[in-house]
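Down below is the structure, laid out as structure tokens.
The values are calculated or read from the model by the stated rules, or taken from the named source; none is laboratory data. Quantities reported herein were computed from a predicted structural model and do not represent experimental measurements. Neighbour counts run over all protein chains shown; Cβ positions are idealised from the backbone, glycine included. Just the protein is used for accessible areas: all its heavy atoms, side chains included, with ligands, DNA and RNA removed. Shrake-Rupley method; radii C 1.70, N 1.55, O 1.52, S 1.80 Å.
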Amino acid sequence: MKRILLILILTLNFQSWTKADDISDFQIDGMSVGDSALKHVSKETLSSNKRYMWDNKKYASYATDSKGNNIYDNWQIFWLDKDPNYIIQYISGFNYITNLEECNKLKKNIVSDIKKLIPDSKFKDFGKVPHPGDSSGQSFAYKVEFGLQDKSQIMVTCTVFSKKYKETWNLGNTLSVSAHSTKFSNFLSNEAYE
């Protein structure tokens, strides 16, 4: 029953995004790529709780529990660390998972809904890939990507982290839906893991 409710809620959430071709049309907890994070979180909270996922510290991140959101348990944003306006370059909503098979079923339904809502996007199914942040090769992502005309992306991912990676970063396995600006997508592809 919980699974059916989650699918219904996710479907209804995406319906407000009908025929979107701009990444800023995609919202999680009322936030979009291109928004200032300062509209949603205080500067003090962002500054005192930011984390860096990559050695070059080009992007800072902030994650927290969703407030009043029935879709995602948590959300995370990234912004350019030197940006005084804290413009969101990446946003994701995610739920912790305990069962990969169940996660992949939910992901399949979400992907089906997104395909209907943004039929002109460029779809790519990566299947099972090593998580690039875990040099041990023991963490995996099962992900798909929707490429928009401006080269921004939507991704739907089931991620299973190794025990050591979970302990290092205080993470859990997740089902996530994320929106990436063109700038952030380029960063992930060309700089983040070098």
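Summary of the geometry: the range 107-151 and the range 57-100, compared by the centres of their Cα atoms, lie 17 Å apart.
Amide H to amide H distances under 5 Å link I97 with N173, T174, L175, where only residues 5 or more positions off or on other chains count and H is placed in the peptide plane.
Evaluate the Debye formula for the range 89-171 with equal point scatterers sitting on the alpha carbons, no solvent, and hand back log10 of I(q)/I(0) at q = 0.17 Å⁻¹, in q order, two decimals. For the range 89-171, the Cα-only Debye profile gives -0.76.
Distant-in-sequence amide contacts of H131, defined by a placed amide H-H separation under 5 Å and a gap of 5 or more residues or a different chain, comprise S139, F140, A141. Taking every DSSP helix (H) stretch of at least 4 residues in the chain, weighting each as -39,500 (n - 2.57) and dividing the sum by the residue count yields a mean residue ellipticity at 222 nm of -8500 deg cm²/dmol. Rounded, prolate or oblate: which fits the chain when a ≥ b ≥ c are the square roots of the eigenvalues of the alpha-carbon gyration tensor, with rounded for a/c under 1.5 and prolate only if a/b beats b/c? The shape class here is rounded. The residue among Q149, F161, A63 whose Cα reaches farthest toward the positive pole of the charge dipole of the chain, with charges on the beta-carbon of Lys, Arg, Asp and Glu, is F161.
How much accessible area per residue does the chain have, counting only protein heavy atoms and a probe of 1.4 Å, in square angstrom?
Values: 10510 Å² over 194 residues.
That works out to 54 Å² for each residue.
Using a probe radius of 1.4 angstrom, the carbon and sulfur fraction of the accessible surface of the chain is 49%. Which of W79, W169, W54 ends up with the largest GNM mean-square fluctuation for the chain, with Cα atoms connected below 10 Å? The residue with the greatest mean-square fluctuation here is W169.
From Cα pairs below 8 angstrom and at least 6 apart in sequence, can you work out the relative contact order of the range 16-107, rounded to a whole percent? Provide the component values of the computation, followed by the final result.
Numbers: 129 pairs, mean separation 22.5, N = 92.
About 24 percent, as a whole number.
Could you work out the local net charge near G147, counting Lys and Arg as +1, Asp and Glu as -1, over the other residues with Cβ closer than 9 Å to its Cβ? Combined, the nearby Lys, Arg, Asp and Glu give +2.
Between V41 and T98, what FRET efficiency follows from the Cβ-Cβ distance if R0 is 25 Å, with the result rounded to 0.05? Efficiency computed from Cβ-Cβ geometry: 0.30.
Straight-line cross-link partners of K143 among the aspartates and glutamates, defined as a Cα under 12 Å from its Cα and at least 8 positions apart when in the same chain: D125. Length gained on full extension, S162 to K58, computed as 0.36 nm times the residue gap minus the Cα-Cα distance: 34.9 nm.
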